[in-house]
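In what follows, a structure is listed as C-alpha cells, so that the remarks can point back to it.
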Amino acid sequence: MKLHRTLHHPDGARSFAEYEIRENNVYTTVHHDNGSSALPWFEIRGNKLYPTTHHPQGRSSFPWYEISDSVVLTSVHHPKGKDGMPWFKIV
C-alpha cells in the first residue's frame with residue numbers, strides 16, 4: 001500500500017506516492033524529497049504511526065499520525081499539531 005499526499009497536506013497534493021507501507025512499517029519512496037529509504041521512517045502500531053530512530057527528526061514514543069479508514073490524519077503529537085483534514089490517502 002502507498003500513501004499519497006492530499007490537497008490538505010501543507011505542501012499540497014502529489015500524484016506519486018511519497019511513502020509505502022510494508023508490513024508494519026512506513027518507508028519513503030523515490031518520489032519523496034529525501035529519496036527512497038531502506039530503513040523505515042515510521043512504525044505502525046494499532047492505527048497510529050510512530051517515528052522510528054531512522055526518521056530525520058528522531059524517534060518518538062508518541063504517534064504523529066492516525067489511520068482512519070483509508071486516510072492518514074496528523075495527531076496532537078505531530079510537530080505541526082492536529083489537523084482535522086487528512087494529509088494522506090492510502091491507495
Response to the item:
Everything considered on the Cα gyration tensor (a ≥ b ≥ c; rounded for a/c under 1.5, else prolate if a/b is larger than b/c, else oblate), the chain must be described as rounded
Fill in: Reach of Lys80 by Cα under 21 Å, taken over lysines that are not fewer than 8 positions away in the same chain
Lys48, Lys89
Discussion item. Which trypsin sites (Lys or Arg not before Pro) in region 23-91 sit in a loop by DSSP (not H, G, I, E or B) and have at most 14 other Cβ atoms within 10 Å of their own Cβ?
Written reply: Arg59, Lys80, Lys82
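Coordinate-derived values only; no laboratory data. Note that the structure is a prediction, hence the values are computed from the model and not measured. All Cβ positions, glycine included, derive from the backbone under ideal geometry; neighbour counts span all protein chains shown.
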